[in-house]
Each structure stands twice: as C-alpha cells, then as structure tokens.
Amino acid sequence: MVERQTKSSSFFEEAMAALAGAIDDLRGNHDLVTRRRVLVDPPQPIPPEAVARLRKDKLKVSQSVFAQLLNVSLQTVHAWEQGRNKPSGIALRLIRLIEANPHILTDLLSRQREKGDSAGLAAPAT
C-alpha cells in the first residue's frame, strides 16, 4: 500500500511541476525555444571519373590513402573509379563534402607529412 501511495504522490508532484511550468510559460516567465527541422537534400551521385579526378588532381593521393581517409577498402575505391560500384550513403556525402572543401584533407595530409607521420600514407598520386 505504501508503494502505491509513493507512486501516486510522485505522479502528482510531476504533474504539478509540469502545470506550474506551463503557467510560467503563459505568463512569459521562461524563454521559449523555437525548434526547426532542417531538411538536407541527399547528395547527388558522383561519376567514376569525378572520384578519380578528386583523388588525383585535388587531393593528390593514392587509392590506398583515399581509401584510408574515407575508411573504406582499397577495392571499394578501385570499384568506384572503374564504375563497377557507386559511392552511397555516408561515403557519398563525405566525398561531396571533400569535393567542395578539399582543403580540409589537404591540410590534414600536409600536417601529417610535416610531422613525418607517414604511416599508411602513400606518396602523392601521379
């Protein structure tokens, strides 16, 4: 019987607190928060030659390094560039972001090369 009274009084206290908050909101005693839902268009597909051009011309990295940067396999990058497969999901979103802002990765690669931290980083693509 005691447990039931505790649950009832807890519910009553929570309900009263919620009502008090609502009354304060109506009186203007709280800052109201506006929430918006932002819809982002899905990234456009990227043709195989554009993947290769981004990797070679903008980033100047090997397929192996590009794969490491995107956290995908070397075979996946090769398949994208050969047109046997297409980037999708988060990989496509990341490729499009890199395409629009290549400096993000080129700066990172430059700093790692300067530090001599070349573990896993291949020479620039030719």
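Applying the criteria of a DSSP loop state and at most 11 other Cβ atoms within 10 Å to the trypsin sites (Lys or Arg not before Pro) of region 40-103 yields 84.
Entry for region 30-85 at q = 0.19 Å⁻¹: log10 I(q)/I(0) = -0.69, Debye formula applied to identical alpha-carbon scatterers, no solvent contribution.
Relative to its residue count, region 48-115 spans a Cα convex hull of 74 Å³ per residue.
Here, each number is a calculation from the coordinates, and none is a lab measurement. Because the structure is predicted, anything quoted here is derived from the model rather than measured. Cβ atoms come from the backbone with ideal geometry, glycine included; neighbour counts cover every protein chain shown.
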